[in-house]
Amino acid sequence: MATAPYGVRLLVGAAATALDETRKLPQTILMYPMTVVSQVAQLVMKMQQDVADLVIRGDETLEQLFPPKEEKPEWATFDEDNAADDDASEPVAEQNGERLTEGRFALYTTGEPDVPETKPAKAPTAAKAAPAIVKELDYESLTLAQLRARLPSLRVDDLETLLAYEGKTRSRAPFQTLLANRITRASAK
């Protein structure tokens, strides 16, 4: 068999390829939009990465040329700043040396008496005459939240004893309210 000239072979190859591509055309047309979209998305992401790299490089260069100054806005205050201004760092739950027993801080009050230092404390004499339930619960050291957790296990008599004891000693309004409400609910049952 004789070899066809180069030009003829080229034309026959191009015609065969065109015929094959024509047969694949329905499938290619269906895939073409997805191919174009994925290529465009790839191009956009590449451009975004390049822009981000340039911005980072610009930030690094500017930081080397003009080092940042540590400055604090004059309107910004921090707890450490307030503690430095005040010689006595008081807890947030205290105001003018007196512990707050009402409002949102009432949950965090401790068993310490609310008696100012100038007056003698009533707690030692009250501790001697404290009812058994007070000693059993270690009532003086309970916070409001701790007392609330123990209320369901107490009888009405115990609740009334605790309410009377609170009234005689420290008279903390949140504690008295909690005990009175519990007595009301327990008596209604």
Efficiency of FRET between ALA173 and LYS69 - r from beta-carbon atoms, R0 45 angstrom, step 0.05
0.30
Per the rule of 0.36 nm per residue minus the C-alpha distance, extending LYS24 to SER38 adds in nm 3.0 nm
Got a sec to turn the phi values of region 14-19 into Karplus ³J(HN,Hα) couplings, 6.51 cos²θ - 1.76 cosθ + 1.60 with θ = phi - 60°, whole Hz, x for Gly and Pro?
5, 5, 5, 5, 4, 5
If I model a spin label at ILE56 and ALA145 as a point 7 Å from the Cα along the Cα→Cβ vector, what separation in nanometres do I get?
4.3 nm
Work from the charge dipole of region 13-68 (Cβ charges, +1 for Lys and Arg, -1 for Asp and Glu, about the Cα centre) and give the residue of GLN48, SER38, LEU62 farthest towards its positive end.
SER38
Counting only DSSP loop positions in region 1-80, the chymotrypsin sites (Phe, Trp or Tyr not before Pro) whose Cβ has at most 14 other Cβ atoms within 10 Å are TRP75, PHE78
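Read the figures in this text as sums done on the coordinates, not as results from a lab. Because the structure is a prediction, the values reported are computed rather than measured. Note that each Cβ is placed from the backbone with ideal geometry, even for glycine, and that neighbours are counted across all protein chains shown.
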